[in-house]
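Asker: I have a structure here, written as structure tokens, and I will follow up with some questions on it.
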Amino acid sequence: MIGTRPEAIKLAPVAHALSERGLAPVLVLTGQHPDLSPREFGLADFPLQRLFCPGQADPHRHVGTVTAALQREFGKLPALLVVQGDTSSALGAALAAFTAEVPVAHVEAGLRTHDPLLPWPEEEYRIAIDANADLLFAPTETAAANLRAENVPGEIHITGNTAIDALVAAEADLPPPSPRERASPMVVVTCHRRESWGEGLESIASSIAELANRATIRLVLHPNPRVQTQIQARLGCVPNVELIEPRSHRDLLELMRDADLVMSDSGGIQEETPSLGTPLLVLREKTERPEGIAVGSARLVGTSTDRIVREARHLLDNPAALAAMSVRRFPYGDGRAAPRIAAIIEDWLDRRDRRSWLSSAIPRTAGSRRQS
């Protein structure tokens, strides 16, 4: 089940790994990101269904729309529904499956900030999926510990994050890094979180305008028109700030790899920058991905203009501090998460088939209990 570009990036390795085991999946696109093209993510050869449910301003309403649309498609129930992350598409699909008693596998399970408002609604969505999923693929031990603390009934497996699988595959096709001898440091920025809309984005934009005196800023605009409008109004005419259109996954990886510093509120970028060896300032108050901070690849700086500027200048003005963060690290996985997930799914399906066969083969007598 794929609704957004990040879901496509992270589920593409899973689809291919399943196919290699003879379990080729059917892709279902919800339409949350209407312009999402399977071909861009190497998924053009898989069978495809579309639900035509574009994203809505109210994410809860979109959840209901996806649930209803998928329920109408459940003519023949699948053996397993695989969802990824914490989007309204993922929750809507999971709810449809729970209602139809279709087993659910959750890729990237167990991420928590332990604050239902940061991020909203993602925190409550992933908790709801994890509470009823049959297979929970936790990317890290921290995520698995969160699931164990919640006593979820499903099987918990630590697999690594498939974002790193996608990064390793894409990086192999990138050109060599560009030389870093330049007149000023290059800082790449992305920002889009719903909790930052309005005041938070204004504060982030103010910090960018201030840092433009010290560095060249390349801000990748988010497709959301509300975010684009606010950023363009504030930074469109600021010297040394280049506003660039949304990039493909491959192009964004190249841009971040060649940067001196990245500032972002994106979850995927928090996973990718440590493995690229590029320092990251996380533009959020809380994060469900603490591993990058723990290994020294990232710092949590929030949305305060003063703090962002202070932390960025500290790194840009101190080559030793910047170099200490510019080491390639892999806190989110080794690039082999998808094969692990596919192997677990194959084993789970085999065990489920055996239980089903045994259950049907056991003679029934009056008053006998169902066995499995």
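Taken together, the values in this text are just the output of simple stated rules run on the coordinates, not laboratory data. These numbers come from a predicted model, not from an experiment. Cβ atoms come from the backbone with ideal geometry, glycine included; neighbour counts cover every protein chain shown.
Asker: With each run of n ≥ 4 DSSP H residues scored as -39500 (n - 2.57), what mean residue ellipticity at 222 nm is computed for the chain after dividing by its residue count and rounding to the nearest 500 deg cm²/dmol?
Answerer: Result for the chain, helices only: -13500 deg cm²/dmol.
Asker: OK, next. How large is ³J(HN,Hα), in whole Hz, for each residue of the stretch 130-137 in order, when computed from phi with the Karplus curve 6.51 cos²θ - 1.76 cosθ + 1.60 and θ = phi - 60°, using x for Gly and Pro?
Answerer: Residue by residue, the stretch 130-137 yields 5, 5, 10, 6, 7, 10, 10, 9 Hz.
Asker: What ³J(HN,Hα) values, in whole Hz, does the Karplus curve 6.51 cos²θ - 1.76 cosθ + 1.60 give for the stretch 141-146 when θ = phi - 60°, with x put for Gly and Pro?
Answerer: 5, 4, 5, 5, 5, 4
Asker: Also: Under the 0.36 nm per residue contour assumption, what length would be gained going from the current alpha-carbon distance of PHE46 and SER356 to full extension?
Answerer: Answer, rounded to one decimal: 108.8 nm.
Asker: When a/c is below 1.5 the answer is rounded, else prolate if a/b is larger than b/c, else oblate, so apply that to the stretch 179-325 with a ≥ b ≥ c taken from the square roots of the Cα gyration tensor eigenvalues.
Answerer: Details: a/c = 1.32, a/b = 1.18, b/c = 1.12.
Verdict is rounded for the stretch 179-325.
Asker: A follow-up question, please. When only Cα pairs under 8 Å and 6 or more residues apart are kept, what is the percent relative contact order across the stretch 258-307?
Answerer: Taking the mean separation of contacting Cα pairs over the length of the stretch 258-307, I get 34 percent.
Asker: Cβ neighbours within 10 Å, averaged per peptide: list 195-203, 216-224, 119-127 in order, most packed at the top.
Answerer: 119-127, 216-224, 195-203
Asker: Moving on to the next point. Using θ = phi - 60° and the Karplus form 6.51 cos²θ - 1.76 cosθ + 1.60, what ³J(HN,Hα) does each residue of the stretch 341-354 get, whole Hz, x for Gly and Pro?
Answerer: Ordered by residue, 3J(HN,Hα) equals 4, 4, 5, 5, 4, 4, 5, 5, 5, 5, 5, 5, 5, 5 Hz.
Asker: Sequence gap at least 6, Cα distance under 8 Å: using those rules, report the relative contact order of the chain to the nearest whole percent.
Answerer: Relative contact order here is 15 percent.
Asker: Cβ neighbours within 10 Å, averaged per peptide: list 248-255, 49-56 in order, most packed at the top.
Answerer: The densest-packed peptide leads the list: 248-255, 49-56.
Asker: Amide H of LEU261 versus every other amide H placed in the peptide plane: which residues, excluding those fewer than 5 positions away on the same chain, fall under 5 Å?
Answerer: The list, which skips near neighbours in sequence, is MET186, VAL188.
Asker: What are the principal axis extents of the Cα atoms in the chain, in Å, biggest first?
Answerer: Computed over the Cα atoms, the extents are 82, 40, 37 Å.
Asker: Can you give me the distance in nm between label points at ASP173 and LEU23, each placed 7 Å from the Cα along the Cα-to-Cβ direction?
Answerer: Modelled inter-label distance: 2.6 nm.
Asker: Once you order the gyration tensor axes a ≥ b ≥ c over the Cα atoms, which shape class does the stretch 18-115 get: rounded for a/c under 1.5, otherwise prolate or oblate by comparing a/b with b/c?
Answerer: Taking the square roots of the gyration eigenvalues as a ≥ b ≥ c, the stretch 18-115 is rounded.
Asker: Amide H of VAL104 versus every other amide H placed in the peptide plane: which residues, excluding those fewer than 5 positions away on the same chain, fall under 5 Å?
Answerer: Under 5 Å from the amide H of VAL104: LEU81, ASP134, LEU135.
Asker: Quick check: from the Cα gyration tensor, does the stretch 1-42 come out rounded (a/c under 1.5), prolate or oblate?
Answerer: prolate
Asker: Here is a further query. What is the calculated FRET efficiency for GLU245 to ALA149, with r their C-beta to C-beta distance and R₀ = 45 Å, to the nearest 0.05?
Answerer: It comes out at approximately 0.60.
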